[in-house]
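Structure first, commentary second.
The values are calculated or read from the model by the stated rules, or taken from the named source; none is laboratory data. Note that the coordinates shown come from a computational prediction; the quantities given were computed from them, not determined experimentally. Positions of Cβ are backbone-derived with ideal geometry, glycine not excepted, and every protein chain shown enters the neighbour counts.
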Amino acid sequence: MVQLSTSVYLLGGLLGLLLSPVRVAPTSASMCTPLKTLNDSLSHRRRYMKHNFPIDYTIRVHQKEVFKLSNINRMRLQVEGLDELILQRLWFQVNQGVLKKIIRVMPERHPSRPYATELERRFRDVEGVFVQSHPAELLQQELPETIQETWDHLTEESDRVPESSWRLASPKSLLDNFCHTMHCLFSECFASTEAQQDCKYNRGNPQVTLGRL
């Protein structure tokens with residue numbers, strides 16, 4: 001079972017397996033404003049997460065935190081009838097860890113630290129609205145087994161993570177993934193983007209190769 005912390009109470013438990021086809025969870029209208037504000041911040045990620053870092057700079061993250069559109073599509077294929085709400089909640093869990101790791105590597109006077117901390121604040125605003133937009137009972141249901149395994153890896157203590165599970169990734173690439181998966185999972189709040197098209201195409205594409213989540 002998922003172990004809850006106060007900061008991620010909203011992610012405490014997710015919907016179980018459904019027998020119906022993949023459903024796109026309607027995004028609450030109240031979420032679009034904070035999501036668009038977050039998206040505005042992410043539009044500056046190249047300046048703050050690439051130009052202000054050394055060339056080829058990387059940070060160490062859990063392999064599950066390298067969360068791309070391909071991961072979403074693999075999960076959809078591996079879990080029959082996977083509800084989009086599960087993926088949205090997993091998105092919050094992944095990117096909570098990503099933002100913490102990015103901020104942790106920057107000294108107090110790093111020129112990108114104010115940007116990163118503001119990005120995290122806006123992320124929390126979205127998270128808070130997300131909690132308020134869903135009945136509490138939906139937050140207390142069990143995860144499908146495959147998703148539970150991913151969740152357990154994400155919530156492992158760092159000193160218990162095997163060396164083979166760490167990956168090196170640039171701060172910008174992590175925020176690229178953050179942005180693209182947001183556009184995919186909360187598409188009702190955004191005009192059509194390339195990420196949305198890839199997301200929609202692969203949702204119904206049985207030829208996507210399964211791999212490790």
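Would the range 108-128 turn up any residue that is assigned to a loop (DSSP other than H, G, I, E, B), more than 23 Å from Ser187 (Cα to Cα) and touching a strand residue (DSSP E or B) at 6+ places or on another chain (Cβ under 7 Å)? No, every residue in the range 108-128 fails to be assigned to a loop (DSSP other than H, G, I, E, B), more than 23 Å from Ser187 (Cα to Cα) and touching a strand residue (DSSP E or B) at 6+ places or on another chain (Cβ under 7 Å).
Do you know which of the residues in the range 124-176 that are among the β-branched types (Val, Ile, Thr) and more than 23 Å from Tyr48 (Cα to Cα) is modelled with the lowest pLDDT?
Initial filter on the range 124-176 (among the β-branched types (Val, Ile, Thr)): 126, 129, 131, 146-147, 150, 155, 161.
Filter again for more than 23 Å from Tyr48 (Cα to Cα), leaving 129, 131, 146-147, 150, 155, 161.
On the way: Val129: 95, Val131: 89, Thr146: 86, Ile147: 89, Thr150: 90, Thr155: 90, Val161: 90.
The residue in question is Thr146.
Residue pairs whose Cβ atoms lie under 9 Å apart, separated by 6 or more positions or on different chains, with the first residue in the range 118-142 and farther than 11 Å from Arg89 by Cβ and the second of a type in the set (A, V, I, L, M, F, W, C) and not in a helix (DSSP H, G or I), are Val126/Phe186; Glu142/Met1; Glu142/Val2; Glu142/Leu14; Glu142/Leu15.
As a summary of the residue check, Ile103 satisfies the conditions (1) touching a residue at least 60 places away in the same chain (Cβ under 8 Å); (2) under 15 Å from Leu175 (Cβ atoms); (3) in contact with a Ser or Thr (Cβ under 9 Å, 6 or more places away or on another chain) except for the one numbered (1).
Among the residues of the range 4-55, those identified as at pLDDT 85 or above, in a helix (DSSP H, G or I), out of contact with any Leu (no Cβ under 7 Å at 6 or more places or on another chain) and not hydroxyl-bearing (Ser, Thr, Tyr) are Met31, Cys32, Pro34, Leu35, Lys36, Leu38, Asn39, Asp40, Arg46, Arg47, Lys50, His51.
The set of residues in the range 77-112 being farther than 20 Å from Asp152 by Cβ and either surrounded by 20 or more Cβ atoms within 10 Å (Cβ to Cβ) or touching a helix residue (DSSP H, G or I) at 6+ places or on another chain (Cβ under 7 Å) (or both) consists of Glu84, Leu99, Ile102, Ile103, Met106, Ser112.
So that you can scan it fast, the table gives a plain yes or no per residue for (1) touching a strand residue (DSSP E or B) at 6+ places or on another chain (Cβ under 7 Å); (2) closer than 30 Å to Asp152 by Cβ; (3) aliphatic (A, V, I, L, M):
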| position | (1), (2), (3) |
| --- | --- |
| Met31 | no, yes, yes |
| Leu35 | no, yes, yes |
| Asp40 | no, no, no |
| Ser43 | no, no, no |
| Arg47 | no, no, no |
| Lys50 | no, no, no |
| Tyr57 | no, yes, no |
| Arg60 | yes, yes, no |
| Lys64 | no, yes, no |
